[in-house]
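A short reminder: the numbers here are calculations on the coordinates, not readings from a lab. Keep in mind it's a predicted model, so treat the numbers as computed, not measured. Glycine also receives a Cβ, built like all others from the backbone with ideal geometry; neighbour counts cover every protein chain displayed.
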Amino acid sequence: MDLITTKIRRAFPEKMADLLRFSGRLAVEMGYTAFAVGGFIRDLLLGVQNLDVDMVIEGNAIEYAKRLSKELCGVYVYHKRFGTATVFIPSLGRIDIAMTRTEIYERPAALPTVRLGPIENDLYRRDFTINAMAFSLDRRHFGELLDPFNGRKDLKEGIIRALHDLSFVDDPTRIFRAVRFEQRFDFRIEPHTENLIKKAVGLKMVDRTQKQRIREELISILSEDRPLKAVRRLSELNELRFIDPDLKLKNSTVSLFNSADEALAWYDNTHISRRHALECWLIYLAVLIDDLSPAKIKKICGDFVFKKADAAKLVSYKKNEKRISAVLSKKGKLKPSQVYEHLEGFPYEVMIMFMAKTRSQTARRRIMSYITKYAHVKLDLRGDDLKKAGMEPGPHFKEIIRRTLHAKLDGRVKTKNEELGFAVKTRRYHNGNKAGTHRKRDEGYNFGDNQRGDKGSPDRLRHGNEGRGDA
Ligand code: CTP
């Protein structure tokens, strides 16, 4: 018997301990047995707070999850594909609930057939000894650790060990998981397990796995705190070839990872980071595949079924990176409005990638100014103000607004009145040049020519007056 209630008390808020006890009582009342399992136990033993509870039920897990959600006023979500459920408890965390499963792998790398089985079988189907522990939530045995594979010992010794020799053949995504846990905890994949991985890699087991499952593992690895470590290890185990046969971890890729880290550290310290959380994994993925051709990058996006928006960011970076670096690294003065014109419409992730890739300090400084200042400049002027000034609404409004915004970016107008004055003047000028054959010489704008072919600018007719200054 191994009581770990003290750990629970230390690691979690009191409410969480109460929740676990309540969950156990409810299971008994329904004639079931409940266990907390997997990563939740691993993290508990490591003293890492993890408020995502993985629970398994010897019994009807779905009925149990519905009831638990009702009793705790939670939000119940059923995952049809997996036959599992999640209960979200406001201000506390989430509980993923499944039945204790016995899995049968009919074909290597295919998803297994599952049926209800005892907890021991459920632990045996898991990936590594450190993830194959459970503790009972039943009041009479609360906190009793079930550890049939000596996971606790491996956890103490820092070892990643597969439960059986077919583990990576049954589920090749575990190859990536082994590396992820090894690098996250600074553990070591033990030699026999490493051999099993090498065999599975040699047998090209990953090629027989659904690409979407590999994509999820890749995203998890690139979402870790220090993804370069894990990527190095993947490379060492010859696993990068599953992304693309030509993919290599070159010295230039390593330094790009480091530059991306620097750019992200800078971003984290800006006031913008609180408002726009970045998909850091996407930045690291762009870094990892930077050496591949645009056509290959498109193919990877298609093969791995990346979300359209994510794929668009990767492609946009690849297509524009050289041009942006060239125009923004030009010596001499670039007006804020010119920097704005070049960068407007690019997602933040793409701009961070530009920052990481460019070798020009000037270009980097200009991107920083855009992110922290220019992107937030808004006009005080509203469409109604233009109408009141006697202007007929129409497509030219957009153009006038754009020019006025540029004037504001460059510090040529400050107050709302000045904005209006500038807009009226621009309108007259616009009328005088209806044929559109020439432009004022000092304006280096590229009106109506969206070089990126992506969406137009957001509504700039809002308040805000940051953003002055030279780029
Ligand atoms: N698991 C497994 N094989 C997999 C995926 C998951 O055996 N291919 C089991 C492991 O026991 C794991 C548990 O399911 O602990 C939960 O998986 P998951 O939520 O993906 O990972 P965690 O171990 O909780 O790790 P993380 O901290 O990254 O969420």
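Amide H neighbours of Thr84 under 5 Å, counting only residues 5+ apart in sequence or on other chains, H built in-plane at 1.01 Å? Placed amide hydrogens put His79 under 5 Å from Thr84.
Amide H contacts of Asp171 (H built 1.01 Å from N, in plane; Pro and chain starts excluded): Ala109 sit under 5 Å, all sequence-distant by 5 or more or on other chains.
For the pair segment 16-37 / segment 253-313, the C-alpha centres are spaced 42 Å from each other.
Backbone phi angles across segment 338-344, fed through the Karplus curve with coefficients 6.51, -1.76 and 1.60 (θ = phi - 60°), yield HN-Hα couplings of 6, 4, 4, 4, 6, 9, 4 Hz in residue order; Gly and Pro are listed as x. For the chain, the longest principal axis of the Cα atoms and the long axis of helix 348-357 meet at an angle of about 90 degrees.
Take every DSSP beta bridge whose two residues both sit in the chain, then give the antiparallel share in percent to the nearest 5. Don't jump to the answer; show the numbers that get you there.
Values: 25 of 33 bridges.
The answer is about 75 percent antiparallel.
Each residue of segment 152-163 was assigned a 3J(HN,Hα) from its phi angle through the Karplus expression (A = 6.51, B = -1.76, C = 1.60, θ = phi - 60°), giving 5, 5, 4, 5, 5, 8, x, 10, 9, 9, 6, 6 Hz with x at Gly and Pro.
What value, in deg cm²/dmol to 500, does the helix sum -39500 (n - 2.57) over DSSP H runs of n ≥ 4 give at 222 nm once divided by the residues of the chain? Intermediate results must be reported in sequence, preceding the final value.
Numbers: 21 runs with 231 residues, N = 471.
So the helix-based figure for the chain works out to -15000 deg cm²/dmol.
Hey, what angle do you get for helix 173-185 against the long axis of the chain, alpha-carbon based, 0 to 90 degrees rounded to 10? Between the helix axis and the principal axis of the chain, the angle is about 80 degrees.
The angle separating the long axis of helix 294-303 from the principal Cα axis of greatest extent in the chain is about 40 degrees.
3J(HN,Hα) couplings calculated from phi for segment 201-217 with the Karplus curve 6.51 cos²θ - 1.76 cosθ + 1.60 (θ = phi - 60°) are, in sequence order, 5, x, 7, 6, 4, 5, 4, 8, 9, 4, 4, 4, 5, 5, 4, 4, 5 Hz; Gly and Pro show x. Neighbour counts of C-beta atoms inside 10 Å place Asp380, Asp225 in the sequence Asp225, Asp380, starting with the fewest.
Once backbone amide H atoms are built at 1.01 Å from N, Ile159 has Arg188 as its partners under 5 Å, excluding neighbours fewer than 5 places away on the same chain. The fewest-to-most ranking of Tyr340, Tyr348, Tyr64 by surrounding Cβ atoms within 10 Å reads Tyr348, Tyr64, Tyr340.
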